[in-house]
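The values are calculated or read from the model by the stated rules, or taken from the named source; none is laboratory data. Remember, it's a predicted structure, so these values are computed and weren't measured experimentally. No Cβ is skipped: glycine too gets one built from the backbone with ideal geometry, and neighbour counts run over all protein chains shown. Please note that ligands, DNA and RNA were not included when accessible areas were found on the heavy atoms of the full protein model with its side chains. Shrake-Rupley method; radii C 1.70, N 1.55, O 1.52, S 1.80 Å.
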Amino acid sequence: MTGEFVQAWRAEQLVCLAVSRTVAEGLLGVLDDVECSLTGRRRRFGRRPRPLPDRRLFPDAYFDREASEEFRARHGRMMRNRVLDAVRRTSVLFAHAHESGDEPAVVTVPEVAVADVFCALGHAQSLFLSRPRWNALVDWPTVTLLKGGRELTWLVTCQTALADAALATVPEPGDEEPLTPA
C-alpha cells in the first residue's frame, strides 16, 4: 500500500489502528513535540518548543472566566500531568508499531488504553490551531495547505477512526461483517 491512510477496527479487547508509515512517522514527531511543549524539554533538533498554556489545552470549567482561571490554577498541573502521561503511553504504542517495519504500521490499542490515545490525539491538535481546539474555525477543504495542516488532518482522522472502532460492537464468531453502533 502507498500513500497516507488510516483505518481502524475492533478485535476482541483491542482496537487496531492501521496507518501508513508516513502517518506513523508524522504522528511520532507530533507526539514528541507535544511532550516537549508540556515539559519545556528541547526538541530533537535543539529548538525549544512553544509552550502550551492551560487556557489552550483545557476549556473553561465555568461560564465565569475568572472562576475558570482559578480552576485551572488549582487543577492545571494535575490535568497537564494526565495529558503528558497519555502522550507518553501513546508514543510507546506508535513507536512499537513503527519499529515493526510493517506497512501498514498497526497500532494495537488495548481497550484500557483507548482513553489515553484519544486524549493524546485530541490535545496534540492544540499545536496546530491558533485558537483553542473547541473554538477553532477550521476550513477542512483547505487545511492541508496550512503549516501543520497534514498533521492536524492525521490527528483528527486517527481520533475519529479510533472512536468509531472503539464504539463498534465486537463481531460474534461466524458473523460476516462487524456490527456498528446504532
*Does residue 15 qualify as being within 14 Å of the chain's Cα centre (by Cα) and either among the β-branched types (Val, Ile, Thr) or open to solvent by 50 Å² or more (accessible area, probe 1.4 Å) (or both)?*
no
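Given the criterion buried (at least 19 other Cβ atoms within 10 Å of the Cβ), in contact with a strand residue (DSSP E or B) (Cβ under 9 Å, 6 or more places away or on another chain) and at negative phi, identify the matching residue among 30, 34, 83, 6. First the steps, then the outcome.
Numbers: 30 fails: in contact with a strand residue (DSSP E or B) (Cβ under 9 Å, 6 or more places away or on another chain); 34 fails: in contact with a strand residue (DSSP E or B) (Cβ under 9 Å, 6 or more places away or on another chain); 83 fails: in contact with a strand residue (DSSP E or B) (Cβ under 9 Å, 6 or more places away or on another chain).
Selected residue: 6, the only one of 30, 34, 83, 6 that is buried (at least 19 other Cβ atoms within 10 Å of the Cβ), in contact with a strand residue (DSSP E or B) (Cβ under 9 Å, 6 or more places away or on another chain) and at negative phi.
Only residues that are open to solvent by 30 Å² or more (accessible area, probe 1.4 Å) and on the phi < 0 side of the Ramachandran plot: list them for the range 89-103, please. It would help to see each step written out before you state the result.
So in the range 89-103, the residues open to solvent by 30 Å² or more (accessible area, probe 1.4 Å) come out as 89, 92-93, 96, 98-103.
Within the range 89-103, 89, 92, 93, 96, 98, 99, 100, 102, 103 qualify.
Quick one: how many residues across the range 97-123 are farther than 19 Å from residue 4 by Cα and touching a residue at least 12 places away in the same chain (Cβ under 8 Å)? It would help to see each step written out before you state the result.
Of the residues in the range 97-123, the ones farther than 19 Å from residue 4 by Cα are 109-120, 122-123.
Checking which are touching a residue at least 12 places away in the same chain (Cβ under 8 Å) leaves us with 109-111, 113-120, 122-123.
The number of residues fulfilling the criteria is 13.
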*Would it be correct to say that residue 114 is surrounded by 17 or more Cβ atoms within 10 Å (Cβ to Cβ), at negative phi and in contact with a Phe, Trp or Tyr (Cβ under 9 Å, 6 or more places away or on another chain)?*
no
*Which one of 108, 180 is modelled with pLDDT under 65 and β-branched (Val, Ile, Thr)?*
180
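Against the condition within 28 Å of residue 110 (Cβ to Cβ), in contact (Cβ under 8 Å) with a residue 24 or more places away in the chain and assigned to a strand (DSSP E or B), how does residue 80 come out, does it pass?
Details: within 28 Å of residue 110 (Cβ to Cβ): yes; in contact (Cβ under 8 Å) with a residue 24 or more places away in the chain: yes; assigned to a strand (DSSP E or B): no.
The answer is no for residue 80.
From the list 109, 87, exactly one residue is under 15 Å from the mean Cα position of the chain (by Cα) and part of a helix (DSSP H, G or I). Which is it?
Numbers: 109 fails: part of a helix (DSSP H, G or I).
Going through 109, 87 in turn, just one is under 15 Å from the mean Cα position of the chain (by Cα) and part of a helix (DSSP H, G or I): 87.
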*From the list 71, 128, which one is crowded, with 18+ Cβ neighbours inside 10 Å and aromatic (Phe, Trp, Tyr)?*
128
